[in-house]
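Undergrad: Handing you this structure, nothing more for now.
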Amino acid sequence: MFEQFFFPQNTDGDTDFMPLLSIDEEDERQQDEAYPTTLPILALKNTVLFPGIVIPITVGRDKSIKAINQAYDDNRLVGVLSQRDTKKENPSVNDLYTIGTVARIIKLLRMPDGTTTAILQGRTRFALQEMLSEDPYMKANTEVLTYIEVEEDLKFQAIISSIKDMARQIIELAPNIPSEAVTMLQNINSDSFLLNFIASNLRTDVSTKQAVLEENDLLVKAEVILEQMDNELQLLELRDQIETKVRTDIEKQQRDFFLHQQMKTIQEELGQNPQEQELQALFERSKKMEWPEEVGKVFNKDFSKLKRTNPQVAEYSVLMTYLELMLDLPWNKYTKDNFNLKNVKKVLDKDHYGLEKVKERILEHLAVLKLKGDMKAPIICLVGPPGVGKTSLGKSIARALKREFIRMSLGGLHDESEIRGHRKTYIGAMPGRIIKSIKKAGSANPVFILDEIDKIGKDFRGDPSSALLEVLDPEQNETFHDNYLDVEFDLSKVLFIATANSLNTIQPALLDRMEIIQVSGYSVEEKVEIAKQHLVPKQREAHGLQSKHIKLKPAVIEQIIKQYTRESGVRSLDRQLAGVMRATAKKVAMEEKYNVTLKVNDLPDLLGPIKYSNELYKEEHAAGVAVGLAWTRVGGDILFIETSLSKGKGKLTLTGNLGDVMKESATTALSYLKAHSESIGITSTTFDEHDIHIHVPEGAIPKDGPSAGITMLSALASAFNKKPLRPYLAMTGEITLRGKVLPVGGIKEKMLAAKRAGIRDVILCKENEKHVKEINPAFIGDLQFHYVDRMQQVLDIALA
């Protein structure tokens, strides 16, 4: 704020100034002092002269020199006005503010360079009335201005006190203002002079200072000055905080540097060198490594480079980190497999109920390893709905084989460098997650779970699924190349197990490298056994209960499965059992009386109203309604196809959020009925006299696929014949215009869904018979299967 006042700067031009200490601290004008009405006018640029302030100015313009000389010869009084536009070299009356300050010329100095320096003292404010002449210098009629008397004297004195306090704070914070300025401020007794003095030294533009000069109300003037000072104080405080922080950081860096230098000197005096010790430790470790010859050459080359590198250089730590990674990796380190196949089978059966195909494949791999002694590990992909135990099976396999276990989630992965790593030349470069996981495992033959491989993303950062092609190819992964490691690493002994819910989103090249094993959903009977053997004991222990606190009979577990869950896996069942345990734990903790042996009638009190019921599928439906079997990512499900006819011209309307393939199935079914209307018993003119509407309920869920073909055919035939379909009947199969029924997938999930829904008869393609035979007969014993290969056979069974 006061830098200019105490530290004058070099002037340039006739109006730059250096404020000096006033020689008069009384009021702006002496009571007995009179001023002439006609005064020479001097134009100032870049500043405003306030009453009571003394400034030196360098006068260079001809008009200004003549005005100063004339005033000095007459009465030494001159009118000072500030320019609106500082770039104007010859301002006219319109370029000047109309209110300025009457100044007394204290001293006039002729400089050696030909310029004139005048020392001016502001006396009082005036208003420009009329410009009399502008040549040879400006002369004008003026009127002296006075201040309005302050009415709120208490408020005014409070503001003046605040201004003094704030000025004291600014002086303390500003580095270029001497502390003597505080004493000077305390000696100023005139309030108006104090305001003028501070206003003249504020770091604000000319227009703001001019507004302060023009203000006639001292109270308002004081408020404006206080606001400007507050802004400047905040700026100084912020600058002080920044400078303090920077100074502290620099001091810490200097302190750390000196301490490190002292430590280095002391260690050298004691004959110690920490860098040499680190390097020696690395070299000793490298001599014990049993790595490939090429890897040893790369290590020795970079180690030699590290010894020549200054420890203070950033490259030193980069090289050190890289060499430590090479030493930490398990080159040719393998855990010994458990070749007791019976024991392995026992462990797998104990941990997981069912999943026979997966267990059989693991046992086959171990059997070959046992006989041959060496074999590349297979790349297995477990595909199935959520909650069937795909991921936990990997842990079980690792435990059975006595191998290390690694799980890497690929869901939402977008960056290719997450797999291959970054080149070590980049700042903050790291190896990929494959190499990091192998390092963490400590062996080169772990069980490596690649979880959710069907949910890998792809964007501008690369395609991670393409990077996995090398990882999951048994012919390539023995020479896996990580960008950071930059040498080949053998992954051929790693047992990779990928998991997925669907194969549709996995790119074909990646799919071709994996051995696909379908993990189907569980039947009700399997879920009951899983609950008895695994879920109930786990939840009982998790809730601090013992077997004496609660007993669940198989019939109760079965009702929980049927009435409170609808899934292929057992995650929802696990949550429902947790709800039962929580309710029981509360009763035990509060010492309430309850039945230890849970009954079916107790379930609504513990789990709420029944969520799912099979009654909907058991009731007889009107003509035009057929029940289909669908496969979803969470397992099999029941699908209704509803058809209605109305008077019209044969228009076909499809609703229910259907995909293109499903819409084409409906069109194909209608075309078949039209072509074979006579054999089916439908009048050919009926199709032209009615509009047809096919709707699939649950419209918020997208539906697609060819398996609803025979279901749509049956629904249309039922609607046109006005005859309901056979009750308790469901069906699945693709249709063609030639009248053939084609096989579909997801048979086990669909049959289990039919069993859960209480269906009795199922129509399938004859080629799907082999898939039905793979299902345990105990799980589908109540279902009657009708195998067909012609669409007419479907109608004969459905409309019988």
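Undergrad: For Tyr594, work out the one condition from (1) open to solvent by less than 30 Å² (accessible area, probe 1.4 Å); (2) closer than 14 Å to Ile550 by Cβ; (3) of a type outside the set (Gly, Ala, Ser) it doesn't fulfil.
TA: Tyr594 satisfies every listed condition except (1).
Undergrad: Out of the residues in the stretch 207-218 meeting the condition of being assigned to a helix (DSSP H, G or I) and open to solvent by 30 Å² or more (accessible area, probe 1.4 Å), tell me which one is nearest to Gly122 (Cα to Cα). Even if it seems obvious, please write down each step before you answer.
TA: We begin by selecting, within the stretch 207-218, every residue assigned to a helix (DSSP H, G or I); these are 207-214, 218.
Pick out the ones that are also open to solvent by 30 Å² or more (accessible area, probe 1.4 Å) and you get 207-208, 211, 214.
Working: Ser207: 19, Thr208: 18, Ala211: 17, Glu214: 14 Å.
Ranking the candidates gives Glu214 first.
Undergrad: What are the residue pairs meeting all of these: first residue in the stretch 776-800, first residue touching a residue at least 60 places away in the same chain (Cβ under 8 Å) and over 24 Å from Val528 (Cβ atoms), second residue open to solvent by 60 Å² or more (accessible area, probe 1.4 Å) and outside any helix (DSSP H, G or I), Cβ atoms under 8 Å, and 6 or more apart or on different chains?
TA: Pairs that qualify, where the first residue is touching a residue at least 60 places away in the same chain (Cβ under 8 Å) and over 24 Å from Val528 (Cβ atoms) and the partner is open to solvent by 60 Å² or more (accessible area, probe 1.4 Å) and outside any helix (DSSP H, G or I), are Met791/Lys740; Gln792/His676; Ile797/Arg726; Ala798/Arg726; Leu799/Lys723; Leu799/Arg726; Ala800/Arg726.
Undergrad: Return the pairs, sorted by first residue and then second, in which the second residue is open to solvent by 70 Å² or more (accessible area, probe 1.4 Å) and of a type outside the set (S, T, N, Q), the first residue lies in the stretch 307-323 and is free of Cβ contacts under 8 Å to residues at least 12 places away in the same chain, the beta carbons are less than 6 Å apart, and the residues are 6+ apart or on different chains.
TA: Thr309/Glu315
Undergrad: Another question, if that's okay. Is there a residue in the stretch 688-710 that is within 13 Å of Leu645 (Cβ to Cβ), open to solvent by 20 Å² or more (accessible area, probe 1.4 Å) and part of a helix (DSSP H, G or I)?
TA: In the first step, residues of the stretch 688-710 are kept if they are within 13 Å of Leu645 (Cβ to Cβ); the result is 688-695.
Subsequent filtering for residues that are open to solvent by 20 Å² or more (accessible area, probe 1.4 Å) retains 688-691, 693, 695.
So of that shortlist, the ones also part of a helix (DSSP H, G or I) come out as 688-689.
Checking the stretch 688-710: at least one residue is within 13 Å of Leu645 (Cβ to Cβ), open to solvent by 20 Å² or more (accessible area, probe 1.4 Å) and part of a helix (DSSP H, G or I).
Undergrad: Could I ask something else about it? Output the residues belonging to the stretch 84-102 that are in contact with a strand residue (DSSP E or B) (Cβ under 8 Å, 6 or more places away or on another chain) and part of a loop (DSSP other than H, G, I, E, B).
TA: Taking the stretch 84-102 and keeping what is in contact with a strand residue (DSSP E or B) (Cβ under 8 Å, 6 or more places away or on another chain), we get 84, 91, 93, 95-102.
Result: Arg84, Pro91, Tyr97, Thr98.
Undergrad: Now a separate question. Exactly one of (1) under 18 Å from Asp451 (Cα atoms); (2) among the hydrophobic types (A, V, I, L, M, F, W, C); (3) without any contact (Cβ under 8 Å) to a residue 12 or more places away in the chain is unmet by Leu371. Its number?
TA: (1)
Undergrad: With in a helix (DSSP H, G or I) and touching an Asp or Glu at 6+ places or on another chain (Cβ under 7 Å) as the only criterion, which of Leu323, Leu327, Leu348, Leu306 stands out? If you could, list the steps in order and put the result at the bottom.
TA: Numbers: Leu327 fails: touching an Asp or Glu at 6+ places or on another chain (Cβ under 7 Å); Leu348 fails: touching an Asp or Glu at 6+ places or on another chain (Cβ under 7 Å); Leu306 fails: touching an Asp or Glu at 6+ places or on another chain (Cβ under 7 Å).
Step by step, each of Leu323, Leu327, Leu348, Leu306 is checked, and only Leu323 is in a helix (DSSP H, G or I) and touching an Asp or Glu at 6+ places or on another chain (Cβ under 7 Å).
Undergrad: Would you mention how many residues in the stretch 717-751 are of a type in the set (Gly, Ala, Ser), surrounded by fewer than 16 Cβ atoms within 10 Å (Cβ to Cβ) and under 18 Å from Gln784 (Cβ atoms)?
TA: Residues that pass the stated criteria total 0.
Undergrad: Then there is this: For Ala140, indicate whether it is under 15 Å from Leu42 (Cβ atoms), of a type in the set (Gly, Ala, Ser) and at pLDDT 85 or above. Even if it seems obvious, please write down each step before you answer.
TA: Working: under 15 Å from Leu42 (Cβ atoms): yes; of a type in the set (Gly, Ala, Ser): yes; at pLDDT 85 or above: yes.
So Ala140 passes the test.
Undergrad: Please find, within the stretch 88-105, the residue that is surrounded by the fewest Cβ atoms within 10 Å (Cβ to Cβ) out of those that are free of Cβ contacts under 8 Å to residues at least 60 places away in the same chain and of a type in the set (S, T, N, Q).
TA: To start, the set of residues in the stretch 88-105 that are free of Cβ contacts under 8 Å to residues at least 60 places away in the same chain comprises 88-96, 98, 104-105.
From the residues that got through so far, the ones that are of a type in the set (S, T, N, Q) too are 90, 92, 94, 98.
Numbers: Asn90: 10, Ser92: 11, Asn94: 8, Thr98: 12.
So, considering only residues that are free of Cβ contacts under 8 Å to residues at least 60 places away in the same chain and of a type in the set (S, T, N, Q), the one surrounded by the fewest Cβ atoms within 10 Å (Cβ to Cβ) is Asn94.
Undergrad: One residue is enough: does the stretch 449-470 have a residue meeting the conditions among the charged types (D, E, K, R), closer than 30 Å to Thr632 by Cα, surrounded by fewer than 16 Cβ atoms within 10 Å (Cβ to Cβ) and at pLDDT 85 or above?
TA: No, the stretch 449-470 contains no residue that is among the charged types (D, E, K, R), closer than 30 Å to Thr632 by Cα, surrounded by fewer than 16 Cβ atoms within 10 Å (Cβ to Cβ) and at pLDDT 85 or above.
Undergrad: Another one. Yes or no: the stretch 636-643 includes at least one residue that is charged (D, E, K, R) and either open to solvent by less than 10 Å² (accessible area, probe 1.4 Å) or over 25 Å from Gln792 (Cβ atoms) (or both).
TA: Yes; the residues of the stretch 636-643 include at least one that is charged (D, E, K, R) and either open to solvent by less than 10 Å² (accessible area, probe 1.4 Å) or over 25 Å from Gln792 (Cβ atoms) (or both).
Undergrad: Continuing with this model, one more query. Give Leu128, Leu108, Leu81, Leu120 a once-over and let me know the one that is aliphatic (A, V, I, L, M), within 22 Å of Ile53 (Cα to Cα), in contact with a strand residue (DSSP E or B) (Cβ under 8 Å, 6 or more places away or on another chain) and surrounded by fewer than 18 Cβ atoms within 10 Å (Cβ to Cβ). Give the derivation first.
TA: Details: Leu128 fails: surrounded by fewer than 18 Cβ atoms within 10 Å (Cβ to Cβ); Leu81 fails: surrounded by fewer than 18 Cβ atoms within 10 Å (Cβ to Cβ); Leu120 fails: surrounded by fewer than 18 Cβ atoms within 10 Å (Cβ to Cβ).
It is Leu108.
Undergrad: Let me ask another. Looking for whichever is open to solvent by 20 Å² or more (accessible area, probe 1.4 Å), in contact with a strand residue (DSSP E or B) (Cβ under 9 Å, 6 or more places away or on another chain) and farther than 28 Å from Met320 by Cβ here; the options are Arg403, Arg433, Arg420. Which one fits? Reasoning before the result, please.
TA: Working: Arg433 fails: farther than 28 Å from Met320 by Cβ; Arg420 fails: farther than 28 Å from Met320 by Cβ.
After ruling out the rest, the residue left standing is Arg403.
Undergrad: Collect the residues in the stretch 342-381 that are modelled with pLDDT under 80, in contact with a Leu (Cβ under 9 Å, 6 or more places away or on another chain) and either among the hydroxyl-bearing types (Ser, Thr, Tyr) or open to solvent by 20 Å² or more (accessible area, probe 1.4 Å) (or both), keeping them in residue-number order.
TA: Correct list: Leu355, Lys370, Met375.
Undergrad: Further, regarding this structure: Looking at this structure, is Ala754 open to solvent by less than 30 Å² (accessible area, probe 1.4 Å), under 26 Å from Glu526 (Cα atoms), small (Gly, Ala, Ser) and not in a strand (DSSP E or B)? Before the answer, list the steps.
TA: Working: open to solvent by less than 30 Å² (accessible area, probe 1.4 Å): yes; under 26 Å from Glu526 (Cα atoms): yes; small (Gly, Ala, Ser): yes; not in a strand (DSSP E or B): yes.
Criteria met by Ala754.
Undergrad: Given the condition of a type in the set (S, T, N, Q), part of a helix (DSSP H, G or I) and under 30 Å from Leu323 (Cβ atoms), answer yes or no: does some residue in the stretch 237-260 qualify? So that I can check it myself, show each step before the final result.
TA: Within the stretch 237-260, the first condition is being of a type in the set (S, T, N, Q), and the residues that meet it are 241, 244, 248, 253-254.
Now drop any that are not part of a helix (DSSP H, G or I), which leaves 241, 244, 248, 253-254.
If we keep only those that are under 30 Å from Leu323 (Cβ atoms) as well, we get 253.
Yes; the residues of the stretch 237-260 include at least one that is of a type in the set (S, T, N, Q), part of a helix (DSSP H, G or I) and under 30 Å from Leu323 (Cβ atoms).
Undergrad: Next question. Among the candidates Thr248, Thr265, which residue alone is surrounded by fewer than 11 Cβ atoms within 10 Å (Cβ to Cβ) and either under 30 Å from Arg168 (Cβ atoms) or in contact with a Cys (Cβ under 9 Å, 6 or more places away or on another chain) (or both)? Reasoning before the result, please.
TA: Working: Thr265 fails: either under 30 Å from Arg168 (Cβ atoms) or in contact with a Cys (Cβ under 9 Å, 6 or more places away or on another chain) (or both).
Only one candidate passes the filter, namely Thr248.
Undergrad: Taking Glu525 and the conditions (1) of a type in the set (Asp, Glu); (2) within 30 Å of Ile438 (Cβ to Cβ); (3) at pLDDT below 85, which numbered condition does it fall short on, given that it satisfies the others?
TA: Condition not satisfied by Glu525: (2).
Undergrad: Test of understanding: among Pro609, Pro604, which residue is without any contact (Cβ under 8 Å) to a residue 40 or more places away in the chain, open to solvent by 70 Å² or more (accessible area, probe 1.4 Å) and not hydrophobic (A, V, I, L, M, F, W, C)? Outline the logic, then answer.
TA: On the way: Pro604 fails: open to solvent by 70 Å² or more (accessible area, probe 1.4 Å).
Step by step, each of Pro609, Pro604 is checked, and only Pro609 is without any contact (Cβ under 8 Å) to a residue 40 or more places away in the chain, open to solvent by 70 Å² or more (accessible area, probe 1.4 Å) and not hydrophobic (A, V, I, L, M, F, W, C).
Undergrad: Against the conditions (1) within 30 Å of Gln559 (Cα to Cα); (2) open to solvent by 60 Å² or more (accessible area, probe 1.4 Å), where does Ala800 fall short? Just the number, please.
TA: (1)
Undergrad: Among Ala500, Ala441, which is the only one that is farther than 16 Å from Pro378 by Cα and open to solvent by less than 10 Å² (accessible area, probe 1.4 Å)?
TA: Values: Ala441 fails: open to solvent by less than 10 Å² (accessible area, probe 1.4 Å).
Of the residues listed, the single one that is farther than 16 Å from Pro378 by Cα and open to solvent by less than 10 Å² (accessible area, probe 1.4 Å) is Ala500.
Undergrad: Among (1) out of contact with any Ser or Thr (no Cβ under 7 Å at 6 or more places or on another chain); (2) at pLDDT 85 or above; (3) under 17 Å from Ile380 (Cβ atoms); (4) among the acidic types (Asp, Glu), there is one condition Asp473 misses while meeting the rest; what is its number?
TA: All conditions pass for Asp473, except number (2).
Undergrad: Given the conditions (1) open to solvent by less than 50 Å² (accessible area, probe 1.4 Å); (2) of a type in the set (Val, Ile, Thr); (3) out of contact with any strand residue (DSSP E or B) (no Cβ under 7 Å at 6 or more places or on another chain), and given that Thr425 satisfies all but one, which numbered condition is not satisfied?
TA: (1)
Undergrad: Which of the residues that make up the stretch 92-105 are out of contact with any helix residue (DSSP H, G or I) (no Cβ under 7 Å at 6 or more places or on another chain) and either over 19 Å from Val54 (Cα atoms) or charged (D, E, K, R) (or both)?
TA: Result: Ser92, Val93, Asn94, Asp95, Leu96, Thr98, Arg104.
The values are calculated or read from the model by the stated rules, or taken from the named source; none is laboratory data. Not measured: the values here are computed from a predicted model. Here Cβ is always computed from backbone atoms with ideal geometry, including for glycine, and neighbour counts include all displayed protein chains. Note: accessible area is taken over every heavy atom of the protein model, side chains too, but ligands, DNA and RNA are not part of it. Shrake-Rupley method; radii C 1.70, N 1.55, O 1.52, S 1.80 Å.
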